[in-house]
Amino acid sequence: MKLTVAEKIIKDHLKTGELKRGTEIGIRIDQTLTQDSTGTMAYLQFEAMGIDRVKTKKSVAYIDHNMLQTGPENADDHLYIQRVAKKYGIYFSKPGNGICHQIHLERFGVPGETLLGSDSHTPTCGGLGMLAIGAGGLDVAAAMAGGEYFITMPYIVKVELTGKLNSGVSAKDIILEVLRRFRVKGGLNKIFEYSGDGLKYLSVPERATITNMGAELGATTSIFPSDEVTYRFLKAQGREGDYIEIIADDGAIYDEEVRIDLDSLEPLVASPHSPDNVVPVSSLKDIKVNQVAIGSCTNSSYMDLMKVAEILDGKTIAEDVSLVISPGSKQVLNMLAENGALSKLISSGARILECGCGPCIGMGQAPSTNGVSLRTFNRNFKGRSGTPSSNIYLASPEVAAISALTGYITNPIEYMEDINIDMPEKFLLNDNLIVSPSEIDDVDIIRGPNIKPFPKVSSLREEIEGKVLIKVGDDITTDHIMPSNAKLLPYRSNIPHLSDYCLVPCDREFPKRAKENGGGIILGGYNYGQGSSREHAALVPLYLGIKAIIAKSFARIHKQNLVNNGILPLVFKDVKDFSKIDLLDELIIEDVSNQIKEDRVIVRNKTKDEQYELSLDITERQRSMLKFGGLLNLLRDN
Ligand code: MIC
Ligand code: SF4
């Protein structure tokens, strides 16, 4: 049988099921990664599983999100994670070492292996031919305990890249073009596999920009073959021993095929407030920018920042622009420091932030009221920057750097001479911020006062009854459900505290209403729960007594997080029923344990005296998970 790159890796790791699209498969996980904002919860759950040591080939815990220590909370979380890592056999990447995805690509990713990470941008390592998937913390904890990871066998989309990018056009524009065509809902249960003669011009970090932002398609993951280019990158990282070639067989069959001609691609920008609002940069040329932010796991590699340094060299940023740059890793920052590029950035007026997520997750650098911020990041959801009234545009490092100079969103093609940055023969190697696990498990775990136990799921009730506590539209993100910003991120291990902010961007009164009514039901539109992998978007509603969410459709990771935590993700069979239900209508689902055996669940609206047919489109394994009261209870009982 002729296989694609993704199929080859899945086949090698398959423990349950077969390569049949749309059916459930279970795969072995070689590596895991966590970061601090989802990590504390994941490790609390791992501890609750009572396993002595991780069973993966390699697991790494990164600190990169909660970097501002405005109180003891974040430092306490860091310490907890560091001790857990030491005890259970996990590598620990200290704060300052950089963003998890960038470091994993540089130092740990291995072509042909599988990686499960408690962060939605884990597919970044798909840039070097790894099958890398984002998941909720509990799924990652289960993988560390040696469990398979279950997904729906995805459909595989071939994205053929032909030709070569023009100067001023970059990898970011390729993924923006894919987003323009497929939109944020278009990747559900799909893997985007890149191929074509254009690949040879794309370095691993450029490929990683594409697989990283493939998360915004709602895809299971994105992947490139492992080829000559991969070999050169690994060799430059001193890891050529990790190289194996993985290319698709001639005649491999894809479920869908698209082609992008790189020669004719122009620089693109995602306009507010969605990564798929993609337009040519030239259509935005009169927009004045207040802030330019360069960095994030999408565009903070050595090559990206070298390009920026060349563009800014000898020039000064516009009077009204604040330019902030957060390098992706210590390796990147160190190399810029050694070769003088850092000095070019500083001289131009850039403010250098530490290596971490920073403004991407609203940890500082919130724009001014109604401010316009142009960012090289991957998400521009409303309010995510920390300023609800701001307008965030997403673009490549080239567009960002030129615009920082002109003060307006600017097409780099008009200004740029050929800037050619060569991939270094050798990256600067220094892993002194990666702490190895202990050989013995005699390590004390330190739990600061902010680390509260996670909410427990009770076993399934025979009747689910409650009022509709909120009714929201399409594309609600986990940033709406459980906002994250500099004020809230320190409380990622404190669900009771977070509960007062749940869904507040949609409706200020929601937490109060949920508490007054002792829980209830949420009504959502299409693609409910898109974006981040944060399990908090399930744990906090669980804490508030939410037993079911009825939507037009769900995003993959969020749906899985809901089921893992015993919340029913129900979908309207007839979406017209959505408009028949009003806020505070009383709904009831009877005979729950029998009803959830099938894909057809009836909900009765007691207020309107009507009933609606819903679908519970989950696997047998997930049905038993719901019966047991979530994944943790299921694992414990088996
Ligand atoms: C994000 O980009 O939204 C995050 C913060 O990295 C999240 C994880 C989180 O919420 O902690 C993600 O993408 O999964
Ligand atoms: Fe960090 Fe932003 Fe990447 Fe999320 S998207 S991992 S917050 S840099």
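The values are calculated or read from the model by the stated rules, or taken from the named source; none is laboratory data. These numbers were taken from a predicted model, which means no experiment stands behind them. When we count neighbours, we look across all protein chains shown, and the Cβ atoms used for this are built from the backbone with ideal geometry, even at glycine.
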When you scan the range 109-118, do you find a residue that is among the β-branched types (Val, Ile, Thr), buried (at least 21 other Cβ atoms within 10 Å of the Cβ) and within 16 Å of ligand 2 (Cβ to nearest atom), even just one?
no
The condition of being within 25 Å of Cys125 (Cα to Cα) and buried (at least 18 other Cβ atoms within 10 Å of the Cβ) holds, among Leu262, Leu284, only for Leu262
Can you name the residue in the range 616-638 that is in contact with a Gly (Cβ under 9 Å, 6 or more places away or on another chain) and part of a loop (DSSP other than H, G, I, E, B) and, of all such residues, is modelled with the highest pLDDT?
Gly630
Within the range 341-353, take every residue that is part of a loop (DSSP other than H, G, I, E, B) and buried (at least 18 other Cβ atoms within 10 Å of the Cβ) and give me the one that is nearest to ligand 2 (Cβ to nearest atom).
Leu353
Residue under question is Val60, and the condition is that it be away from ligand 2 (no atom under 16 Å from the Cβ) and of a type in the set (Val, Ile, Thr); does it hold?
no
Scan the strands (runs of 3 or more DSSP E) fully inside the range 136-229 and keep the ones with 3 or more residues being more than 21 Å from the chain's Cα centre (by Cα).
155-162
May I ask you to list the residues in the range 293-309 that are away from ligand 2 (no atom under 16 Å from the Cβ) and under 18 Å from Pro267 (Cα atoms)?
Met303, Lys307, Val308
It is to be established whether one or more residues within the range 551-569 are in contact with a strand residue (DSSP E or B) (Cβ under 8 Å, 6 or more places away or on another chain) and farther than 25 Å from Asp119 by Cα.
no
Index of the failed condition, Asp119 passing every other in (1) assigned to a helix (DSSP H, G or I); (2) over 29 Å from Asp263 (Cα atoms); (3) charged (D, E, K, R):
(1)
So Gly127 passes all but one of these: (1) buried (at least 24 other Cβ atoms within 10 Å of the Cβ); (2) in contact with a strand residue (DSSP E or B) (Cβ under 6 Å, 6 or more places away or on another chain). Which condition number does it fail?
(2)
Search the range 456-485 for residues being under 16 Å from Arg534 (Cβ atoms) and part of a loop (DSSP other than H, G, I, E, B), and hand back the single one that is nearest to ligand 2 (Cβ to nearest atom).
Ser484
When only residues in the range 265-280 that are within 25 Å of the chain's Cα centre (by Cα) and in a loop (DSSP other than H, G, I, E, B) count, which is surrounded by the most Cβ atoms within 10 Å (Cβ to Cβ)?
Pro275
Please determine, by comparing only the residues of the range 466-486 that are closer than 13 Å to Cys502 by Cβ and more than 16 Å from ligand 1 (Cβ to nearest atom), which one is surrounded by the most Cβ atoms within 10 Å (Cβ to Cβ).
Leu469
Taking Glu586 and the conditions (1) buried (at least 20 other Cβ atoms within 10 Å of the Cβ); (2) touching a residue at least 40 places away in the same chain (Cβ under 8 Å), which numbered condition does it fall short on, given that it satisfies the others?
(1)
Against the condition surrounded by 24 or more Cβ atoms within 10 Å (Cβ to Cβ), out of contact with any Gly (no Cβ under 9 Å at 6 or more places or on another chain) and either part of a helix (DSSP H, G or I) or not polar (S, T, N, Q) (or both), how does Ala132 come out, does it pass?
no
